[in-house]
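The values are calculated or read from the model by the stated rules, or taken from the named source; none is laboratory data. Values in this document were obtained by computation on a predicted structure and should not be read as measured data. Every residue, glycine among them, receives a Cβ derived from its backbone with ideal geometry; neighbour counts consider all protein chains shown.
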Amino acid sequence: MSKGVAIVTGGTRGIGLEITKGLIADGYSVAATYHGNEDAANACAKETGAKVYKFDVSNFDECQKGCAEIEKDLGAVTVLVNNAGMTKDGVLHKMTAEVWHQVIDTNLTSCFSMSRGVINGMRERGFGRIVNISSINGQKGQFGQTNYSAAKAGILGFTKALALESAAKGITVNAICPGYIATDMTASMKQDVLDSIIRQIPVARMGTPKEVADIVVFLASDKAGFINGATITANGGQYLV
């Protein structure tokens, strides 16, 4: 018997794919959203059995339609994981407004849009779990990432405020700040750059997507019912707060 329905944005590859796998293994029916990579979406659906949905999480109207379609297909959403994200790096004095807004809207505004799509149902039912994926760079900043760091820092404030608004309705809202995780994106980096990053991590390695996914699965569970408005760091000790 399914534990309920979970939405994982950006849930067809990278960290999102591992979150999708983890929630399915824990008994959830998962809707994994994606925007552009059809091959990854098809592979995710085939490998995991998740139902995949294509829409742009940076667009409010698409999010509302997507959430409604998911609930129509699978049932009431009990877990939302706001994982979708993007980077478009560059120093501020050369950054265009378009690049700024693309990153803010995809990483931060999507958290509002997707949460808005499911929050009323969660409130009516008296239960919900929202997990927002932030970043170490939202905590400490990063050269060339004013847009990304601002978005990921904004997620932390969003998480705390929504947790306060929702706690009395049985809804928890928490954030995870991964450090450097071994994904396709980091695999494409030059080896000397990777080596310099790993030297900054006390555990002397990058994290794995599954290590992040395991935290999500825990926060979605009944065991985490007293954890609310929290920021959980998973960075190997690289940045201690």
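Pick out the one residue from Thr186, Thr146 that is within 30 Å of His93 (Cα to Cα), among the polar types (S, T, N, Q) and touching a helix residue (DSSP H, G or I) at 6+ places or on another chain (Cβ under 6 Å). None of the other options fit; the residue is Thr146.
When region 109-162 is examined, which residues are found to be buried (at least 24 other Cβ atoms within 10 Å of the Cβ) and of a type in the set (Phe, Trp, Tyr)? Across region 109-162, the qualifying residue is only Tyr148. Candidates are the residues of region 167-193 that are over 19 Å from the mean Cα position of the chain (by Cα) and touching a residue at least 12 places away in the same chain (Cβ under 8 Å); the one that is nearest to Asn120 (Cα to Cα) is Lys169.
Quick check: anything in region 175-193 of a type outside the set (A, V, I, L, M, F, W, C), within 26 Å of Val118 (Cα to Cα) and modelled with pLDDT of 95 or more? Looking for residues that are of a type outside the set (A, V, I, L, M, F, W, C), within 26 Å of Val118 (Cα to Cα) and modelled with pLDDT of 95 or more, one finds at least one in region 175-193, hence yes. Can Ala41 be described as of a type in the set (Gly, Ala, Ser), farther than 16 Å from Ser110 by Cβ, in contact with a Ser or Thr (Cβ under 7 Å, 6 or more places away or on another chain) and surrounded by 15 or more Cβ atoms within 10 Å (Cβ to Cβ)? Spelling it out, Ala41 is indeed of a type in the set (Gly, Ala, Ser), farther than 16 Å from Ser110 by Cβ, in contact with a Ser or Thr (Cβ under 7 Å, 6 or more places away or on another chain) and surrounded by 15 or more Cβ atoms within 10 Å (Cβ to Cβ).
When Ala68, Ala6, Ala84, Ala40 are screened for being over 23 Å from Thr183 (Cβ atoms) and in contact (Cβ under 8 Å) with a residue 24 or more places away in the chain, only Ala68 passes. Only residues that are outside any helix (DSSP H, G or I) and either touching a His at 6+ places or on another chain (Cβ under 7 Å) or buried (at least 24 other Cβ atoms within 10 Å of the Cβ) (or both) were counted across region 1-33, and they come to 11. Kindly indicate whether Leu80 is part of a strand (DSSP E or B), crowded, with 20+ Cβ neighbours inside 10 Å, in contact with a strand residue (DSSP E or B) (Cβ under 6 Å, 6 or more places away or on another chain) and not basic (Lys, Arg). For Leu80, the condition - part of a strand (DSSP E or B), crowded, with 20+ Cβ neighbours inside 10 Å, in contact with a strand residue (DSSP E or B) (Cβ under 6 Å, 6 or more places away or on another chain) and not basic (Lys, Arg) - is met.
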